[in-house]
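The structure under discussion appears below in the form of structure tokens.
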């Protein structure tokens, strides 16, 4: 058995009986056991449950009822609620929280026969771009253990990048799937807002949060998305849309927005430009254009995300579940000490800024203004998509940075300069490996019109048939 | 110094618990009286990752109310988060409607002291109720019951059009009748199905500008509402007349002490940091939904009152009694449907039926005498088949044993003796048996007629029509 096999190959192996789902799960559990003390990609490994699920998958395959994901190991970001399995959001606040329900994403992937091996590390409450804010310690980059895997879905990206699981779920609020995918050299898709149910996905910023998938190839991501997506009566904001299917014209117009491409330093710029040229060589036209409000995206994003987070995290008050301070003197003391000790610094910073921007006297200047900026950014994209079929852009200003290197919060927020605009516009966006700088993977971002994931998948698949960046894997 | 003439200005906010089967944002049952925390699902508990889904029935009920008060109905409205920390508020915010309520300006018409008053409604919006904090049963602790969390509320905000505690009470009563007629609220005040907050201020009569106001929260009976407002008006006048100023604050009414006190609860905040709830899409009020709601608006109390007065010729007090409770009005109308007269039907319901219900502690919806039976009973009196006295007996039989009015009359031989020949024979016999009294009558002593009527009625076992007996007796007495 080899790591880094595609989902399709694993499915064939299972169908042929080359190995059982139990053997496949065991193989990956052993890889996790060997690597994860170092990598810290997992918060919980759920070996027993995994083997039970694998046995069930084997019985299903034996009955000839297996689907494309039956018996395929995967990991869930620890932001997705899993019934009977601790779901921590990488926070001390939820360190012992065991939900009595599954997230819709978890339930659907289980129904498809996947075998969940564990819950992956992340930034606390998905607030961060490095997976360093986790209560369980930072996850590490499989390409260089001294570097961050990106964030917030860093554990999922690192686990797939290191070959510990063939695929994993993630969530993306301002870049939390795309940036770690780029840093870890894997493919990651943030679907259109509303494509995937948010039920049971612990909320950070509800108007931005979107579940998605990591895989070793566009094809694998497409397979996982196929089992996750679709309307959910439990999520009013989930859309009723036809399932995603790879569909792209042979010759597309691909926009290179000047705001994203100018100022890219040396190797990084060359690497990305070469990737764009590859798309041109495949028969697509590169079109230079402008998304004029790009600069305003990061500030607008941090105002809106903070505002929503400040309300979403109010429920963690020590009263019903989660961390509770001992021997409270009174109600205020219970609130104050439970939240002071239960939340980390970055989470508190965002609750504070969000509370501030919603307050009387500041609401118009911050929250409403940010919403106006958001509409401008949406409008930018709508206009752009009258000219181009898809947009190609960098994911992050550089490759993975060293752990601890970005210690200024605002500098960390600037990591999200190329990912927050598509988030604010609710658009599908994907990151795929497109080269290396200094031995570290670089990701190319493709952004499409709403619910045109199929177009991104077609372009990405075509790119991956012409290149082998996605087949490069770290040693060890 | 002459005492100043003060005018009080009152506005009410009434929280109407909508009678939906499930909660406004979850599938949990919305029921009163279950053991604590057995009617709260993950959504009501504000568990991580759960999401609200709007109950369409609550929207329909809000629209029905809006149509009933001729209100502006928003084409689209949305939900907002109202942020504050309190243990019985699981999410740390309440989902409510801030600046885009589902129901806009409308009017409620009510009657007080025989005059009609139109009270402006500023808006009505949907929101979720919070749970309950139970302070009594736990030493040094507070219990939290989240059964009520997520129960749909329609908060109706009146204009400050009310001027007296009696008017405020009349308005609360009218609102109570309206929501019960609409079938959107069970109206059980003692279960908290309707709770009022009163905004009260006073000003020198003639002054345009409003005085500083206070808000009295959580008034859940007609009487407490009137008393609390009356007390608060007196308090404010006292403060102002002693040279002080009214402080804008929220107060609670203590019915035992009959006074209001400033509220110190933690659920009060200066800034609720409202913002649109991103978990819920804006609600589009489609024409289909509106049509559905319109079809469910019945005849309302004010229209009924007019009709009872103008078409049925009933008095104001009869009308007030019959329309106050939709179940009473329905009983009355079902009685009329059998073809009996309106006035006798009203009298029977207000006297005999009301007294019997009261004695047995029953609601009219549980009345053992169906309105069809009552209508038939009244019709038989009108037809002269039975006397009013016998009708009372028949009513009691139906109440106790059930059965059908005509069958009971026949089976017990209660039919009036209307056979003129038979009655004539009895009358002649009675006259013949009492020559002395005949002489007295003929000498002009009219009162003796009563003696003869009594004798005839005794002979017939009460089954004779007294009017007919009178006529026959006069004939017989005059005859030689």
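Read-outs: derived from the displayed coordinates by stated rules, not from any lab. The shown structure was predicted, so the numbers you read here are calculated from the model rather than taken from an experiment. Backbone-built Cβ (ideal geometry, glycine too); neighbour counts: all protein chains shown.
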Number of partner chain Cβ atoms within 10 Å, mean per residue of B:277-283:
5
Would you work out the Kirkwood radius for the stretch A:182-312? I mean one over the mean of 1/r across all pairs of different Cα atoms, in Å.
17.6
Tilt, helix B:388-401 to longest principal axis of chain B (alpha-carbon atoms), in degrees rounded to tens, equals 50
For chain B, what is the mean residue ellipticity at 222 nm derived from helices alone (per DSSP H run of n ≥ 4: -39500 (n - 2.57); sum divided by total residues; nearest 500 deg cm²/dmol)?
-11500 deg cm²/dmol
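Based only on Cα atoms, what Rg/Rh ratio does the stretch B:299-411 have, Rh being taken as Kirkwood's radius? If you can, show how the numbers build up before the last one.
Values: Rg = 13.7 Å, Rh = 14.2 Å.
Rounded to two decimals, Rg/Rh equals 0.96.
Would you list A:272, B:472, B:252 from fewest to most Cβ contacts within 10 Å?
On the way: A:272 25, B:472 21, B:252 16.
So the residues, fewest neighbours to most, are B:252, B:472, A:272.
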Inter-label distance for residue A:250 and residue A:262, nm, one decimal - labels placed 7 Å from Cα along Cα-to-Cβ:
3.7
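In nm, what is the difference between 0.36 nm times the number of residues separating residue A:436 and residue A:386 and their Cα-Cα distance?
Values: separation 50, 0.36 × 50 = 18.00 nm, distance 3.27 nm.
Length difference between fully extended and current span is 14.7 nm.
Quantify how strongly other chains surround peptide A:234-241 by giving the mean number of their Cβ atoms within 10 Å of each of its Cβ atoms.
On the way: counts 7, 5, 9, 5, 1, 0, 0, 0.
Shielding by partners across A:234-241 averages 3.
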Going fewest to most other Cβ atoms within 10 Å around each Cβ, B:214, A:192 line up as B:214, A:192
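Based on the Kirkwood radius over alpha-carbon pairs, what value in µm²/s does the Stokes-Einstein equation return for the translational diffusion coefficient of the protein assembly as shown at 10 °C and 1.306 mPa s?
In µm²/s, the coefficient is 48.
In the P(r) worked out for the stretch B:420-478, what percent of Cα pairs fall beyond 13 Å?
Details: 898 of 1711 pairs.
Beyond 13 Å sits 52 percent of the P(r) for the stretch B:420-478.
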Once the Cβ-Cβ distance between residue A:465 and residue A:15 is put in as r, and R0 is 25 Å, what FRET efficiency do you end up with, to the nearest 0.05?
0.55
Whole-Å semi-axes of the stretch A:294-392's equivalent ellipsoid (Cα gyration tensor):
37, 15, 9
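So if R0 is 51 Å, what FRET efficiency would residue B:370 and residue A:242 give, r being the distance between their Cβ atoms, rounded to the nearest 0.05? Walk me through the numbers on the way to the answer.
Values: r = 57 Å, r/R0 = 1.12.
Using R0 = 51 Å, I get an efficiency of 0.35.
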Over all residues in A:313-325, what is the mean tally of Cβ atoms on other chains that come within 10 Å of each residue's Cβ?
5
Roughly what angle does helix B:371-383 make with the longest principal axis of chain B, taking Cα atoms, 0 to 90 degrees, to the nearest 10?
30
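Which whole-number value in Å³ per residue fits the convex hull of the alpha carbons of chain B?
Working: hull volume 110.4 nm³, N = 480.
Hull volume normalised by residue count: 230 Å³.
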In nm, give the distance between the simple-model label positions of residue A:340 and residue A:281, each being 7 Å from the Cα along the Cα-to-Cβ direction.
6.1
How much length is gained if the chain between residue B:443 and residue B:257 is pulled fully straight, taking 0.36 nm per residue apart and subtracting their Cα-Cα distance, in nm to one decimal?
59.8 nm
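Roughly what % of Cα-Cα distances in the stretch A:364-418 sit above 18 Å, to the whole percent?
On the way: 847 of 1485 pairs.
Tail of the P(r) past 18 Å holds 57 percent of the pairs.
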Measure out, as a whole number of angstrom, how far apart the alpha-carbon centroids of the stretch A:372-423 and the stretch B:372-409 sit.
84
Expected sort for A:177-188, A:293-304 on mean C-beta neighbours within 10 Å, highest first, is A:177-188, A:293-304
By the C-alpha gyration tensor axes a ≥ b ≥ c (rounded if a/c is under 1.5, else prolate when a/b exceeds b/c, else oblate), the shape of the stretch A:121-168 is oblate
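Per DSSP H run of at least 4 residues, take -39500 (n - 2.57); add these up for chain A, divide by its residues and hand me the 222 nm value, nearest 500 deg cm²/dmol.
Values: 16 runs with 185 residues, N = 476.
Helix-only estimate at 222 nm: -12000 deg cm²/dmol.
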Within chain B, the percent of DSSP beta bridges that are antiparallel, given to the nearest 5, stands at 95
Ranking request for peptides A:274-285, A:118-129, B:23-34, B:165-176: highest mean number of other beta-carbon atoms within 10 Å first, then the rest in descending order.
A:118-129, B:165-176, B:23-34, A:274-285
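With N set to the residue count of chain A, report its C-alpha Rg divided by 2.2 N^0.38 Å to two decimal places.
On the way: Rg = 21.0 Å, N = 476, 2.2 N^0.38 = 22.9 Å.
For chain A, the normalised Cα radius of gyration is 0.92.
Just to be sure I understand: of the beta bridges DSSP finds with both ends in the stretch B:6-292, what percent are antiparallel, rounded to 5?
On the way: 53 of 56 bridges.
So the antiparallel bridges amount to about 95 percent of the total.
If R0 is 56 Å, what FRET efficiency do you get for residue B:470 and residue B:191 from their C-beta distance, rounded to 0.05? Mind dumping the intermediate values first?
Working: r = 56 Å, r/R0 = 0.99.
The formula returns an efficiency of 0.50 here.
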Restricting to chain A, what percent of DSSP beta bridges are antiparallel, rounded to 5?
70
Against the longest alpha carbon principal axis of chain B, how many degrees, from 0 to 90 and to the nearest 10, is the axis of helix B:326-336 turned?
30
What list of whole percents do you get for P(r) of the stretch B:6-292, with Cα-Cα distances grouped in 10 Å bins up to the one holding the largest distance?
6, 27, 35, 24, 7, 1
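Tell me, B:93, A:260, A:413 in order of fewest to most beta-carbon neighbours within 10 Å?
Details: B:93 25, A:260 22, A:413 18.
Ascending number of Cβ neighbours within 10 Å: A:413, A:260, B:93.
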In whole angstrom, the spacing between the Cα centers of the stretch B:215-241 and the stretch B:310-337 equals 33
Could you rank the peptides A:451-460, B:318-327 by their average count of other C-beta atoms within 10 Å per residue, with the highest value first?
A:451-460, B:318-327
Whole-Å semi-axes of the stretch B:71-191's equivalent ellipsoid (Cα gyration tensor)
30, 20, 12
